[in-house]
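Asker: Attaching a single structure in structure tokens format; questions to follow.
Taken together, the values in this text are just the output of simple stated rules run on the coordinates, not laboratory data. Small disclaimer: the values here were computed from a predicted structure and weren't measured. Cβ placement follows ideal geometry from the backbone for every residue including glycine, while neighbour counts extend to all protein chains displayed.
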Amino acid sequence: MKEATRLARAENQIVGLIPTMGALHDGHLSLIRRAKSECSKVFASIFVNPTQFGPKEDFARYPRTLEADVEKLTAAGVDAVFVPDAAEIYPANYRTYVNVDSLSDRLEGRTRPGHFRGVATVVLKLFQIIQPHFAYFGRKDAQQVRIIEQMTRDLNLDVEVVVCPIVRESDGLALSSCNAYLNPRERAAATALHRALAQAQAAICNGTRDALQLQTILREAIAHEPLCSLDYAEIVDAETFEPVVRIARPCYLLLAVFLGRTRLIDNMLVTSSASDRDELLTLL
Ligand code: AMP
């Protein structure tokens, strides 16, 4: 992989990287398409990273569909796929981990202690091995990409992090490899996440700015669906991921919901698109 990337750079190619854990769906492929439109060499990685799974999370159960994944990546025009073994990434006596302070402890990090330490470490390693000019991540994992941006800035990495929009099913469910775990009743109930966000969006469009009110809308919409059990519904500043009292600056509405054993996350970004920040809000 290092040789391939050295060659590409020697030829003045623009290298794009899309890190994934496989079980590829159209959300992943949207990142590939974006990279293809901006880079002359596009590399993807498939690595189910053991260090980002907690002891109670099922690393062994994570879907692995390598053959189908490689077919999809080939059809999408990816130049190479990096599929390392866990022992190559974390050889015996591996000792070094990256921790992005404070951003990593809350929300996803509180429910999943150590998760972002594993993510930041493997992404830094992938950046070091593949040396991309651009790396593509989905806004689906909003806190993750914020942490990667922070790490890239803090460690002076020569990588531009590109954040891409969430790809959804026609009924609004955000595409996720974890959707494969849902039984048909849970799959039907899973649309509650997007419905909750849409209701909060409607309230924002009608002038609601109070975070507590918006949180109540999210909570009630999830409570309405008996198969859903809420982990968190938060309104946070898009930069710090600290809870806000009122929507004034760019914010995320964040949801994490259990359906049986499966945990799904979704979010909506609220940004100001004009100088009059409080008046003109764009919802992404
Ligand atoms: P994963 O394989 O789950 O680690 O995801 C690899 C990349 O794909 C991450 O940057 C995710 O944020 C992104 N991704 C996953 N699902 C979606 C989606 N529905 N829309 C856009 N990006 C996504």
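Asker: Which value in deg cm²/dmol, rounded to the nearest 500, describes the helix-derived mean residue ellipticity at 222 nm for the chain, given -39,500 (n - 2.57) per DSSP H run of n ≥ 4 and division by the residue count? Display every interim value, and only then the final one.
Answerer: On the way: 10 runs with 103 residues, N = 284.
Value at 222 nm, helices only: -11000 deg cm²/dmol.
Asker: Bin width 10 Å, origin at 0, all Cα-Cα pairs of the range 1-70: what percent of pairs per bin?
Answerer: Taking all Cα pairs of the range 1-70, the binned fractions are 18, 40, 31, 11, 1 percent.
Asker: Using only the alpha carbon atoms of the range 82-142, find the Kirkwood hydrodynamic radius as the inverse mean reciprocal pair distance, in angstroms to one decimal. All intermediate terms of the calculation are to be shown ahead of the outcome.
Answerer: Numbers: mean 1/r = 0.0762 Å⁻¹.
Averaging 1/r across every pair of different Cα atoms and inverting gives 13.1 Å.
Asker: Further, regarding this structure: Anyone know which of N93, N49, N179 comes out most mobile in the 10 Å Cα GNM of the chain?
Answerer: Of the options given, N93 has the highest mean-square fluctuation.
Asker: Please work out the FRET efficiency for the pair H224 and R9, using the Cβ-Cβ distance as r and a Förster radius of 45 Å; give the result to the nearest 0.05.
Answerer: Working: r = 53 Å, r/R0 = 1.17.
Calculated transfer efficiency: 0.30.
Asker: Over the range 126-284, what is the relative contact order in percent, taking alpha-carbon pairs closer than 8 angstrom and at least six residues apart? Kindly include the intermediate steps, with their values, before the conclusion.
Answerer: Working: 250 pairs, mean separation 27.8, N = 159.
Answer for the range 126-284 is 18 percent.
Asker: Continuing with this model, one more query. Can you tell me the equivalent ellipsoid semi-axes for the chain? Use √(5λ) from the Cα gyration tensor, largest first, whole Å. Don't jump to the answer; show the numbers that get you there.
Answerer: Details: eigenvalues 202, 95, 70 Å².
After scaling each eigenvalue by five and taking roots: 32, 22, 19 Å.
Asker: Taking the Cα-to-Cβ direction at C178 and at Q199 and moving 7 Å from each Cα, how far apart do the two end points lie in nm?
Answerer: A separation of 2.1 nm, rounded to one decimal place.
Asker: Can you work out the PRE-style zone for T208? Point 7 Å along Cα to Cβ, and I want the residues of the range 241-275 with backbone N under 14 Å.
Answerer: So the set is 246-247, 253-254.
Asker: Would you mind finding the longest exposed-site-free stretch of the chain, with exposed GluC sites (Glu not before Pro) meaning DSSP loop and at most 10 other Cβ atoms within 10 Å? If you can, show how the numbers build up before the last one.
Answerer: Values: sites that count: E11, E279.
Longest stretch, sites excluded: 12-278.
Asker: Could you estimate the translational diffusion coefficient of the range 1-120 from the Stokes-Einstein equation, with Rh from the Kirkwood formula over C-alpha pairs, at 20 °C and 1.002 mPa s, in whole µm²/s?
Answerer: Working: Rh = 16.0 Å.
Result for D is 134 µm²/s.
Asker: How about the range 65-106: which trypsin sites (Lys or Arg not before Pro) there are in a DSSP loop, with at most 13 other Cβ atoms within 10 Å of their Cβ? Please list the in-between numbers first.
Answerer: Details: sites: K72, R95, R106; in loops: R95, R106.
Sites meeting the loop and neighbour criteria: R95.
Asker: Quick check: net charge around V163, other residues with Cβ under 11 Å of its Cβ, Lys/Arg +1 and Asp/Glu -1?
Answerer: +1
Asker: On to the next question. Under 8 Å for C-alpha pairs, at least 6 residues apart: give me the relative contact order for the chain, rounded to a whole percent.
Answerer: Numbers: 483 pairs, mean separation 41.4, N = 284.
15 percent.
Asker: A further question on this structure: Only Lys, Arg, Asp and Glu count, each charged at its Cβ (+1, +1, -1, -1), so figure out the dipole size of the chain about its Cα centre, rounded to 20 debye.
Answerer: On the way: 32 positive and 35 negative charges, 68 e Å.
Dipole magnitude for the chain comes out near 320 debye.
Asker: Between T271 and F258, what length in nm is gained on full extension when 0.36 nm per residue of separation is reduced by their alpha carbon distance?
Answerer: On the way: separation 13, 0.36 × 13 = 4.68 nm, distance 2.75 nm.
Answer, rounded to one decimal: 1.9 nm.
Asker: To the nearest 20 Debye, how big is the dipole of the range 1-113 about its Cα centre, given +1 on the beta carbon of each Lys and Arg and -1 on that of each Asp and Glu?
Answerer: Details: 15 positive and 15 negative charges, 45 e Å.
Rounded to the nearest 20 debye, it is 220 debye.
Asker: Hey, another quick one. As I understand it, the dipole of the chain uses +1 on the Cβ of Lys and Arg and -1 on the Cβ of Asp and Glu, about the Cα centre. Which of L126, T208, A92 lies farthest toward its positive end?
Answerer: Highest projection toward the positive end goes to A92.
Asker: Now a separate question. Rounded to the nearest 5, what is the percent of antiparallel bridges among the DSSP beta bridges in the chain? The partial results should precede the final answer.
Answerer: On the way: 24 of 40 bridges.
Once the DSSP bridges in the chain are tallied, antiparallel ones form about 60 percent.
Asker: When only Cα pairs under 8 Å and 6 or more residues apart are kept, what is the percent relative contact order across the range 1-109? Could you put the intermediate results ahead of the total?
Answerer: Working: 113 pairs, mean separation 29.4, N = 109.
Relative contact order here is 27 percent.
Asker: Using only Cα atoms, locate the centre of the range 113-192 and the centre of the range 1-74, then give the distance between them in Å, rounded to an integer.
Answerer: Answer, in whole Å: 12.
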